[in-house]
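One structure below.
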2 protein chains.
Amino acid sequence: MRSEIIQNQDTPLYPISTAAKLLGISVHTLRMYERAGFILPFQKESSHRLYSQSDIERLKCIRRAINEDKISIAGIQRIQALMPCWDVIKCSQKDREHCDAFNNHAYACWMYNHKKNICENLDCKSCQVYKEFYDCARIKSKIIEITEKHESSL
Amino acid sequence: MRSEIIQNQDTPLYPISTAAKLLGISVHTLRMYERAGFILPFQKESSHRLYSQSDIERLKCIRRAINEDKISIAGIQRIQALMPCWDVIKCSQKDREHCDAFNNHAYACWMYNHKKNICENLDCKSCQVYKEFYDCARIKSKIIEITEKHESSL
DNA sequence: AATATTTGGTATTTATAAATACCAATTTCA
DNA sequence: TGAAATTGGTATTTATAAATACCAAATATT
């Protein structure tokens, strides 16, 4: 019986040169986006990066924000920093006190290191916050969802 | 008895040339910021603009975002669009259905016209949303406040 | 009535963010 | 073992957002 490899949107497939080609940008730009916190690529056993189809779609969205919507890289970082990750993760008050993501507003939560809180042993790349909420529209939807939940519980 | 003129931070004082000088920018740039939705200047009986001390402080903050934090004008607009104004105003579900601010994420609420909702007869310039929440830090604080309120009521 | 300023445009300049090009060292894999 | 690709860095180019300059018409000020 031949071994079946499970393939989905999150399967690491493309090396950096292929990913860059798919996006129509240079390899270096891709790494720039990584340093900005827009993408957490897979690192296979080796030091080389691999990108999944979801990664490509994510980066296409970021690209539209930069090129079409004229939002600067720093601007996107600030927007991502507004995401109420704590309400998704349901971390404790104590966790929040020590959490750089909760207490700052410059970068997305996955850009900070998570020592001494609920995220410590979790992988940001498989976290709902990272996977779902990286653009304006989705972040606003989440904020609306939270406020409506609040009101219905009053 | 001499008539006392009440002066506070919100008193319209400076014509556009003075305001520009105080901010170290050109008159035209100031009008650019106005079109972007960063400032709603007073219009005296005439068509000429007047700016208050609060207006100046507000614009200094916007200026820092642009020049120091490197957030583009479009980026600031998006950030302002994430403000949950509806939770401050406490507008009805019906209001929200018809509200452009609630249903979009490109501009701050005061940039849309408010027909057929609770804001219709209110002046944005004196609204808490406009006066308080125009920068990243304050908007994030508000989002935190809302989520914590929610949790304490569970 | 004459002078100042403001208005709302467009056209131009400038500052710089975003992207590219190039590098030597390292890693991968055929 | 050698060829091809990736790494992480700096230096350079390019695209364009942000700001300025300039305009005639309208408005305000003395």
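The values are calculated or read from the model by the stated rules, or taken from the named source; none is laboratory data. Quantities reported herein were computed from a predicted structural model and do not represent experimental measurements. Here the Cβ is made from the backbone with ideal geometry for all residues, glycine too, and neighbour counts use every protein chain on show.
Some values worked out for this structure:
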{"quantity": "Test for residue A:114: is it touching a Cys at 6+ places or on another chain (Cβ under 8 Å) and modelled with pLDDT under 95", "calculated": "yes"}
{"quantity": "Among (1) at pLDDT 90 or above; (2) farther than 17 Å from residue B:132 by Cα - the single one residue B:38 does not satisfy", "calculated": "(2)"}
{"quantity": "Residue in the range A:43-56 that is of a type in the set (A, V, I, L, M) and assigned to a helix (DSSP H, G or I) present", "calculated": "yes"}
{"quantity": "Within the range A:89-135, helices (runs of 4 or more DSSP H) holding 3 or more residues that are surrounded by fewer than 19 Cβ atoms within 10 Å (Cβ to Cβ) and not assigned by TED's automatic domain parsing to the domain that holds residue A:66", "calculated": "A:93-98, A:128-132"}
{"quantity": "Of all residues in the range B:49-88 being over 18 Å from residue B:146 (Cβ atoms) and among the acidic types (Asp, Glu), the one that is surrounded by the fewest Cβ atoms within 10 Å (Cβ to Cβ)", "calculated": "B:68"}
